[in-house]
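Only one structure is covered here, and it is reproduced in the block below.
The values are calculated or read from the model by the stated rules, or taken from the named source; none is laboratory data. Note that this is a predicted model, so its numbers are computed, not measured. Cβ: placed from backbone, ideal geometry, glycine included. Neighbour counts: every protein chain shown. Surface areas here come from the heavy atoms of the whole protein model, side chains and all, with no ligands, DNA or RNA. Shrake-Rupley method; radii C 1.70, N 1.55, O 1.52, S 1.80 Å.
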Amino acid sequence: MKFRVIGSAIACLLAVAVTTPPAVAAPANDAGLFGSADPTYDGVYRQSYALMGLAAAQADVPASAIDWLIGQQCADGSFMGYRPDTAVPCPPSDPANFTGPDTNSTALALAALVIVSNGQDAESAAFAAQDWLRQQQTSGGGFPYYPGGKPDTNSTGLALAAFGLVDGTQRIKQRAAAFLRRHVYGCATEPQQMGGLPYMAGSLPDALSTTQGLLGLADAFIVRERTQRKAAPAMTCGAGDRATDPKDATARWIATQITTSGGSLPDAFSPEEADWNSTALGVIGLVATRTSGRATGLAIAALQENATSYISDGTADRPAALGT
């Protein structure tokens, strides 16, 4: 298992955001869970990003927080959004009703467990998670959110990022990267779409799909200091108007969007508003590409200005945002 620490390019942002660990929830059955808000839909998601954020900032990671995540694992190695009673077996995945184990929760938990591994329990949980996750890759190389569903770029990007931390998964990663490449908008499309990733084929490119895709394409969860070129990478296309390098293409789309808006990525549903989550993920991806230093600087400055509202809604903290 490999572990890298955060580079100085985003350490200044983490210095603002990770002053203290997120508050640990009070209920006894959730001892070790970060955050006070209802974890029904985001328990594993927010725990994973909080753990990775603490590790990246070289802060102490509470053993109880790792234990909580391990305790959420299903018998087959998968993870679901949240298990209120871990004595009850996980239900089958149901893509029609959006319930049961999913690839996003499993990929993030896998990444977090590899990065903060504190012993045999965490390693065993990580091995079981990667074994389950690798079985969810479809024949076309993509990953669906729920097993049995249609593969999408978000889920594929997160799975690819997690497998970037695991040895012996080269073939899985190659197929996932090829799936993302087929979905990148090519050079013959509208300028504002070039290099972007849609959630699924036929949709317009959006910030979350593109940034999560880049996390995987750039091996961004192997986080270390990198020197960035100021300019965004060039985008070239080959046969069928497909991007020659999907990493360069998605990085260029993100950097262009950030530069155009003065520091943030637009919200997919309200383009006039900033999507700070995608912006933060975009920074992590851009640093990993060693390019787009100018856009990265703009985004970090904007995130610093808006850190307080990003990590809290005024009544409850947001551990995933704080960790990111």
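Quick notes on this one:
- Boolean, residue 244 is of a type in the set (S, T, N, Q), surrounded by 12 or more Cβ atoms within 10 Å (Cβ to Cβ) and over 18 Å from residue 197 (Cβ atoms): no
- Unmet requirement for residue 50, which otherwise passes all of (1) at pLDDT 95 or above; (2) closer than 30 Å to residue 307 by Cβ; (3) touching a helix residue (DSSP H, G or I) at 6+ places or on another chain (Cβ under 9 Å); (4) surrounded by fewer than 22 Cβ atoms within 10 Å (Cβ to Cβ): (4)
- Among the helices (runs of 4 or more DSSP H) confined to the range 82-190, the ones with at least 2 residues that are under 19 Å from the mean Cα position of the chain (by Cα) and surrounded by fewer than 22 Cβ atoms within 10 Å (Cβ to Cβ) are located at 120-134, 170-183.
- The sole residue among 163, 127, 143 that is closer than 27 Å to residue 257 by Cα, of a type in the set (A, V, I, L, M, F, W, C) and modelled with pLDDT of 95 or more is 143.
- Selection within the range 30-53 - farther than 15 Å from residue 316 by Cβ and over 15 Å from the mean Cα position of the chain (by Cα): 31, 32
- Any pair with Cβ under 7 angstrom, 6 or more apart, that starts in the range 236-261 at a residue that is on the phi < 0 side of the Ramachandran plot and ends at one that is open to solvent by 70 Å² or more (accessible area, probe 1.4 Å) and among the charged types (D, E, K, R): 242/181; 242/182; 243/181; 246/181; 259/294
- Of everything listed in (1) in contact with a helix residue (DSSP H, G or I) (Cβ under 9 Å, 6 or more places away or on another chain); (2) surrounded by fewer than 15 Cβ atoms within 10 Å (Cβ to Cβ), the single unmet condition for residue 239 is (1).
- Failed item in (1) in a helix (DSSP H, G or I); (2) touching a strand residue (DSSP E or B) at 6+ places or on another chain (Cβ under 8 Å), with residue 272 passing the rest: (1)
- Boolean, residue 226 is open to solvent by 70 Å² or more (accessible area, probe 1.4 Å) and within 27 Å of residue 176 (Cα to Cα): no
- Residue that is least open to solvent (accessible area, probe 1.4 Å), among those in the range 291-324 that are among the charged types (D, E, K, R) and touching a residue at least 60 places away in the same chain (Cβ under 8 Å): 317
- Some residue of the range 89-102 being in contact with a helix residue (DSSP H, G or I) (Cβ under 6 Å, 6 or more places away or on another chain) and in contact (Cβ under 8 Å) with a residue 12 or more places away in the chain: no
- Cβ pairs under 6 Å, 6+ apart, first in the range 21-46 and at positive phi and in a loop (DSSP other than H, G, I, E, B), second modelled with pLDDT of 90 or more and surrounded by 20 or more Cβ atoms within 10 Å (Cβ to Cβ): 32/65; 32/68; 35/46; 35/319
- Filter pass, residue 228 being polar (S, T, N, Q), part of a loop (DSSP other than H, G, I, E, B) and touching a strand residue (DSSP E or B) at 6+ places or on another chain (Cβ under 8 Å): no
- Just one of (1) open to solvent by 60 Å² or more (accessible area, probe 1.4 Å); (2) under 22 Å from residue 263 (Cβ atoms); (3) at pLDDT 95 or above fails for residue 205. It is (1).
- Looking only at the range 254-269, and only at residues there that are under 18 Å from residue 193 (Cβ atoms) and outside any helix (DSSP H, G or I), the one that is least open to solvent (accessible area, probe 1.4 Å): 265
- Residue list for the range 262-302, filter: modelled with pLDDT of 95 or more, farther than 22 Å from residue 46 by Cβ and among the polar types (S, T, N, Q): 289, 291, 292, 296
- Verdict on residue 288 being open to solvent by 40 Å² or more (accessible area, probe 1.4 Å) and either touching a residue at least 12 places away in the same chain (Cβ under 8 Å) or outside any helix (DSSP H, G or I) (or both): no
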